[in-house]
Amino acid sequence: MNREEIYQQLANFWNSNMPFNQLLGLKITRFSAQTSEVRFFWNDKLIGNPTQKILHGGVTASALDLARRCCSCC
């Protein structure tokens, strides 16, 4: 198994088997030694400040944590 196949298997595992990431809608869309990308769609249920419609800090932290996991594997 080459490195790219390993990255793809990790991305598939994290996308499919992490209930909290699924709840937030986090998805790894790119994952390689050169670049990684984590995306999610806006959902009003993720708002932390309803007055200003600002994303909850925990969502931001979770997206950054997932991106960090991708980077630490390379």
Quiz item: Given the stretch 15-74, what strands (runs of 3 or more DSSP E) lie entirely inside it while holding 2 or more residues that are closer than 21 Å to GLU4 by Cα and touching a strand residue (DSSP E or B) at 6+ places or on another chain (Cβ under 7 Å)?
Solution: 27-31, 36-39
Exercise. Among the residues of the stretch 27-41, write down those that are out of contact with any helix residue (DSSP H, G or I) (no Cβ under 7 Å at 6 or more places or on another chain), over 16 Å from SER72 (Cα atoms) and surrounded by 10 or more Cβ atoms within 10 Å (Cβ to Cβ).
Key: THR29, ARG39
Self-check item: Residue ID - farthest from LEU26 (Cα to Cα), chosen from residues in the stretch 56-71 that are among the hydrophobic types (A, V, I, L, M, F, W, C) and crowded, with 16+ Cβ neighbours inside 10 Å
Solution: CYS70
Quiz item: What are the residue pairs meeting all of these: first residue in the stretch 1-26, first residue small (Gly, Ala, Ser) and surrounded by 15 or more Cβ atoms within 10 Å (Cβ to Cβ), second residue part of a helix (DSSP H, G or I) and modelled with pLDDT under 95, Cβ atoms under 9 Å, and 6 or more apart or on different chains?
Solution: ALA11/CYS70
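The values are calculated or read from the model by the stated rules, or taken from the named source; none is laboratory data. Being a predicted model, the structure only gives us computed values, none of them experimental. Positions of Cβ are generated from backbone atoms using ideal geometry, with glycine treated the same way; all protein chains shown enter the neighbour counts.
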